[in-house]
Amino acid sequence: MTDETAKQARLSLVLTGNPNVGKSEIFSRLTGLGAISSNYPGTTVEYRMGSTRLAGRLFSLTDVPGAYSLASSCKAEEVACDILARGAFDVLVHVVDALNLERNLFFALEAAALGKPMVILLNKWDLAKARGVEIDAAKLSEKLGIPCLPFVAVTGEGLPALEKELPALLAGKCVPPAPPESDSAKWAFIGELSKTVQTIRHRHPGFAEYFQGASIRPLTGLPLALVILSAGFYLVRGIGEGLIGHVVEPLYEGYYLPFLNSLFGGLNPQWLKTLLLGGGESMGLLAEGVKIALGEVLSYVLAFYLALGLLEDTGYLPRLSVLMDNFLHKIGLHGYGTMPILLGLGCKVPGIVAARVLETRRERIIAYAMTLLLAPCMPQSAMIMALLARYSIFYTLSVFGVLALTGLAAGFLLNKVMKGETQELFVEIPPWQSPRLASTLSKLWLRMKSYMLEAVPMILLGIVALDIMGKTGLLDFLSRLFRAPLSAVLGLPPETISVVLLGFLRKDVCIALLEPFSLNPGQIVTASVFLSLYMPCAATFAVLLRETGVRDTARITALTLSAAFVAGASTYLARLLFGF
Amino acid sequence: MPDTTTLASLENGTGARVTRIEGGAAALKRFSAMGLMPGCQVFKEAGDSHGPVVVQVCGARLAIGRGMASKIIVERGK
């Protein structure tokens, strides 16, 4: 150990490996920090750091996005390659999927060429055994010249063995010998190697294998996708509505409101009482505010992420991307563009980040636009559905229909206008997997936690901001200023400018804020369409800036704003023409 | 006379051996990292006259865009 590394507080470990081998689960296991894992490549697109105590020492641990080789083909892989190329770490912990030893060894050999102390974890050892895959770990270690340890991330099996190997690794032993240089020599070496260390008992092609074919051929796959996605939609709606109707409303009306009133009923001064409990134009921080944040929106967000988690963990999503490939090519994306769009149905922030799996700037920009335009995020969708629930379903469908059409039109347009070719789909399809309840639930918990920490304060802040704007007369001033565009172009009362401004903070709150304006359902459609499109919310805006820089963010915002006026004005025109 | 075709037009449910791949260095590297390179055995699972193809190679299942697949030359049979 050099003086310099000794000065650093901690030694560092780096977790590498192919996509979808369970690095995130190992990271969670070792650091106690939650990390979302799913059964498809590209779940982790940026590196994460944490610390872990192994063999009585403190280490920093970096979880690197999965890659197939040291040559990057997209932004997510670039992150991995940069970290490895810089070499600012002490030990390389390379994770290999024991179920797919052969194809995982290629990247392992490339990593071995870095000449760093290295250990291989043969993850999913239990699953491999159950499926009749036997690996002679001792022989593999001998052949590769580095320790190869059976490991099970979900149970922690193999952790003691790793701790036992650490001193040798830190002493700079266990540096792998240089692997064969050319790719074909590497594969030849791997072929020989797996013959000697691995025995696979014959497996009968089961139902999953049959289902595999059916899920990706258009003839059977498209109807199947329709069934699965509709089931997902009804699951979300069913759970969302069910929670609101049977849990949130009764609790709120029956217990919470009376409790609030008895607690603060005699509160003075009056403005504080209005701020907390609502009344007049105010929604009430503790009344409606809490109901929106922790009741209505939370119910839908929970339902959405449960459904998404199940779809992710089975491995269905990459199959869906194969089916969507043909269609997405028409708007300048290949099939994997499905991922950002689908994640964006929940929240735009992870959707935007997920676009890192796409190869070119052109594709990422189109993906950002699609993620933002095709449909609102779940919190906003929830409020739109809630607000329009008392009218005919026609209005709700209009909102989502108009948004989908606007998004598609923008996609066709971008594909025509932006120079460059659409890249081709090239992605590994993971095997089917039955979701493990514990990991699906812990992922749900992580996502709900981030909703609570990030969204809830913003929702409450939005309500306070509206109160302040009302009190100071700012609202009156702004509504005079924006009277023309709002009423002439969109047919909305000018006072709704407050809602438009707040939409930048939180899109769900701004829809909820339409309530006191007693709009007719047609106006709600226009307002919902406009508010969904006009601008990304503050959180999304920040992520866009980080991912694409100022110029592209400005371009994308210009696009969404124009889309909002065109789509919003069209619904107004339709209202005028057909009188609804 | 070897019976050659492209991965795009290979019949579903047949195996073949890759003889040549046309493409830039970056694309070739991407392929070879997945084990897809001249000499390797592939098994075509799915893919029709348009849209991506799905093949098994080195124990992995890959979805490959149609354009790419038509640049991968294969030899039918064992």
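The values are calculated or read from the model by the stated rules, or taken from the named source; none is laboratory data. Predicted model only: the values in this text are computed from it and were never measured. Positions of Cβ are generated from backbone atoms using ideal geometry, with glycine treated the same way; all protein chains shown enter the neighbour counts. Each accessible area value is taken on the protein alone, full model and side chains, heavy atoms only, with ligands, DNA and RNA left out. Shrake-Rupley method; radii C 1.70, N 1.55, O 1.52, S 1.80 Å.
Between chains A and B, what is the buried accessible area summed over both chains (1.4 Å probe, protein heavy atoms, nearest 100 Å²)?
Counting both chains, the buried surface is close to 2500 Å².
Taking R0 as 51 Å, what's the FRET efficiency between A:Leu33 and A:Val417 from their Cβ-Cβ distance, rounded to 0.05?
Here the calculated transfer efficiency is 0.75.
Against the empirical 2.2 N^0.38 Å scaling, what ratio does the C-alpha Rg of the protein assembly as shown come to?
Output field value: 1.06.
Can you grab the distance from the C-alpha centre of region A:65-86 to the C-alpha centre of region A:288-331, Å, no decimals?
27
Consider all pairwise Cα distances in region A:251-354 and report the whole-number % of them above 22 Å.
That tail contains 53 percent of the Cα-Cα pairs.
What distance in nm separates the two pseudo spin-label positions at A:Trp271 and A:Arg53, each 7 Å out from Cα along the beta-carbon direction?
Between A:Trp271 and A:Arg53, the label points sit 5.1 nm apart.
Rounded to a whole number of µm²/s, how large is the Stokes-Einstein D of region A:452-552 at 25 °C and 0.890 mPa s, given Rh as the Kirkwood radius over C-alpha pairs?
Estimated via Stokes-Einstein, D reaches 171 µm²/s.
If you filter region A:348-407 for chymotrypsin sites (Phe, Trp or Tyr not before Pro), then keep DSSP loop positions with at most 16 other Cβ within 10 Å, what is left?
Passing both the DSSP loop test and the Cβ count: A:Tyr391.
What nm distance separates the two modelled labels at A:Ala214 and A:Ser487, each placed 7 Å from Cα along Cα→Cβ?
Calculated label separation equals 6.0 nm.
Suppose R0 equals 35 Å. What FRET efficiency, 1/(1 + (r/R0)^6) with r the Cβ-Cβ distance, do A:Asn520 and A:Leu257 give to the nearest 0.05?
Calculated value: 0.80.
For chain A, list the DSSP H helices whose alpha carbon atoms reach 27 Å or more along the long axis and whose average Kyte-Doolittle value is 1.6 or above?
A:393-417
Quick one: putting +1 on the C-beta of Lys and Arg, -1 on the C-beta of Asp and Glu, what dipole do you get for region B:4-76 around its Cα centre, in Debye to the nearest 20?
About 200 debye.
Once the convex hull of the C-alpha atoms of region A:67-152 is built, how many Å³ does it hold per residue, rounded to a whole number?
94
State, as an integer percentage, the relative contact order of chain A based on alpha-carbon contacts under 8 Å between residues 6 or more apart.
12
Antiparallel as a % of all DSSP beta bridges within chain A, to the nearest 5?
Of the beta bridges lying entirely in chain A, close to 40 percent run antiparallel.
At q = 0.18, 0.21 Å⁻¹, what base-10 log of I(q)/I(0) does the Debye formula yield for region B:31-70 when every alpha carbon is treated as an equal point scatterer in vacuo?
These q points yield log10 I(q)/I(0) values of -0.45, -0.60.
What nm value, rounded to one decimal, do you get for the distance between A:Lys330 and A:Ser434 when each label is placed 7 Å out toward the C-beta?
3.9
Which longest uninterrupted range of chain A lacks any trypsin sites (Lys or Arg not before Pro) assigned by DSSP to a loop state (not H, G, I, E or B) and surrounded by at most 14 other Cβ atoms within 10 Å?
A:437-580
Of all the C-alpha pairs in region A:387-481, what % are more than 21 Å from each other?
It works out to 75 percent of all Cα pairs.
In region B:4-76, what percent of the accessible surface is made up of carbon and sulfur (1.4 Å probe, ligands and nucleic acids excluded)?
Answer for region B:4-76 is 56 percent, counting heavy atoms of protein chains only.
State the percent of C-alpha pairs, over all pairs in region A:3-200, separated by a distance greater than 29 angstrom.
Of all Cα-Cα pairs in region A:3-200, 16 percent lie more than 29 Å apart.
Compute log10 of I(q)/I(0) for region A:146-234 with the Debye formula, placing one identical point scatterer on every Cα and leaving out solvent, at q = 0.19, 0.22, 0.25 Å⁻¹, to two decimals.
Evaluating at q = 0.19, 0.22, 0.25 Å⁻¹ gives log10 I(q)/I(0) of -1.01, -1.11, -1.17.
When the expected Rg is taken as 2.2 N^0.38 Å, what fraction or multiple of it is the alpha-carbon Rg of chain B?
Cα-based Rg divided by the globular estimate yields 0.96.
DSSP loop (so not H, G, I, E, B), at most 15 other Cβ within 10 Å: list which GluC sites (Glu not before Pro) in region A:413-445 pass both filters.
Taking region A:413-445 and a limit of 15 other Cβ atoms within 10 Å, the loop GluC sites (Glu not before Pro) found are A:Glu421.
Let me see the P(r) profile for region A:357-441: every Cα-Cα distance counted, bins of 5 Å, each bin given as a percent of all pairs.
3, 12, 14, 14, 12, 14, 15, 11, 4, 0
Strictly over 22 Å apart at the Cα level, which of A:Lys139/A:Lys173; A:Lys75/A:Lys116; A:Lys23/A:Lys443; A:Lys75/A:Lys419; A:Lys348/A:Lys507; A:Lys139/A:Lys195 would you flag in this model?
Listed pairs above 22 Å: A:Lys75/A:Lys116.
Can you list the residues in region A:414-460 whose accessible area drops by at least 50 Å² when all protein chains are present, compared with the chain alone? Use a 1.4 Å probe, heavy atoms only.
A:Glu424, A:Phe426, A:Ile429
For region A:351-399, what is the per residue volume of the convex hull drawn over the alpha-carbon atoms, in cubic angstrom?
Convex hull volume per residue, Cα atoms: 64 Å³.
For A:Leu408 and A:His246 in one chain, what is 0.36 nm times their gap in residues minus the Cα-Cα distance, to one decimal in nm?
Result for the pair: 54.6 nm of gain on full extension.
Mind jotting down the distance between the C-alpha centroids of region A:494-571 and region A:439-458, whole Å?
24
State the dimensionless ratio Rg/Rh of region A:192-302 (Rg: radius of gyration of Cα atoms; Rh: Kirkwood radius).
1.41
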